[in-house]
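What follows is a single structure, written as structure tokens, with notes after it.
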Amino acid sequence: MSAALEELAKPVIIGRSSSHFTRITRIFAAEMRVDYSFRVVRDLMSPNPEDYGGNPALRIPSLQTPQGVWFGSLNVCRELWRRSNPRPRVVWPEELDKPLLANAQELVSQAMATEVTIIMEKVAGAGDSNAHQAKLRKGLLNMMAWLEENTRPALAALPPQRDLSYLEVSLFCLVKHLEFREVLPTASYAELNQFCQQFATRPSASETPFRFDT
Ligand SMILES: N[C@@H](CCC(=O)N[C@@H](CS)C(=O)NCC(=O)O)C(=O)O
């Protein structure tokens, strides 16, 4: 295949370097050793689905492939895994069959979504002093306290023979993003910080730091 054709066949991650959901997919791409191009969505207030790879929800990330577009981080990660060779042993959310593990995934995903709402309300000029913001912050603090308490036993309950889990990648992106966007001070979460320090030694994590695209 010519270099130009190879470039065209590469999947394209559509997202932002400052987005935690996008970082999940970039960490997966690195772990799966799948080469990709990156298309930055410059304006997250755009009402045009085409700017988000066609996602009608107007959200990032998406993955554009010659076969079609995948919307959302979990779909994108699964497709990157399908493209990997050899395929690493990944633990997916549906395999988390104990309340501790399933709830950990639910709270990580919800905390990420809550963070998005907090940030977007701020961007939209809603400020941070309304009753909904107060409830969002309370929920986020509750979720982080739960995760601080339960992360160690949850990680210990994951199948030991795994190469990666969606839970660990999303937890890492959540904690680092709270710090990056200064949504919450994270220094007091000793267990979560210890997990992040360990996870950060993976090249996939150190190669994908959060930054604002210019
Ligand atoms: N369910 C989606 C959620 C993605 C999401 O909320 N992405 C944020 C950026 S990190 C976004 O697009 N925000 C734009 C908005 O809230 O309008 C996923 O798992 O990828």
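Coordinate-derived values only; no laboratory data. Just so we're clear, the structure is a prediction, and the values are computed from it rather than from any experiment. We place every Cβ from the backbone using ideal geometry, glycine too, and count neighbours over all the protein chains shown.
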**Prompt:** Taking θ as phi - 60°, what are the ³J(HN,Hα) couplings along region 23-31 by the Karplus curve (6.51, -1.76, 1.60), each to the nearest whole Hz, with x for Gly and Pro?
**Reply:** 4, 3, 5, 6, 5, 4, 4, 5, 5
**Prompt:** Per residue of the chain, what 222 nm ellipticity follows from adding -39500 (n - 2.57) for every DSSP H run with n ≥ 4, rounded to the nearest 500?
**Reply:** -17000 deg cm²/dmol
**Prompt:** Hey, which lysines would be in cross-link range of Lys135, C-alpha to C-alpha under 26 Å, not counting anything within fewer than 8 residues on its own chain?
**Reply:** Lys122, Lys176
**Request:** Quickly rank 112-118, 191-197, 83-89 as a protection proxy: mean count of other C-beta atoms within 10 Å, highest first.
**Result:** 112-118, 191-197, 83-89
**Message:** Under the 0.36 nm per residue contour assumption, what length would be gained going from the current alpha-carbon distance of Ala3 and Asn142 to full extension?
**Reply:** 45.0 nm
**Request:** Determine the dipole magnitude for the chain: charges of +1 sit on the beta-carbon of Lys and Arg, -1 on that of Asp and Glu, nothing else is charged, the reference point is the Cα centre, and the result goes in debye to the nearest 20.
**Result:** 120
**Message:** Just to confirm my numbers, what's the Cα centroid distance between region 130-178 and region 23-58 in Å?
**Reply:** 23
**Asked** Mind checking Rg over Rh on the chain, alpha carbons, Kirkwood formula for Rh?
**Response** 0.96
**Asked** If you take the charge dipole of the chain about its Cα centre, with +1 on Lys and Arg Cβ and -1 on Asp and Glu Cβ, which of Leu44, Phe172, Pro159 is farthest toward its positive end?
**Response** Pro159
**Item:** Charge dipole (debye, nearest 20) of region 90-202; +1 at Cβ of Lys and Arg, -1 at Cβ of Asp and Glu
**Value:** 200
**Request:** Work out the FRET efficiency for Arg152 and Ala187 from their Cβ-Cβ distance, taking R0 = 25 Å, and round it to the nearest 0.05.
**Result:** 0.90
**Request:** Quick one: grab the alpha carbon gyration tensor of region 3-87, order the square roots of its eigenvalues as a ≥ b ≥ c, and give me rounded if a/c is under 1.5, else prolate or oblate depending on whether a/b is larger than b/c.
**Result:** prolate
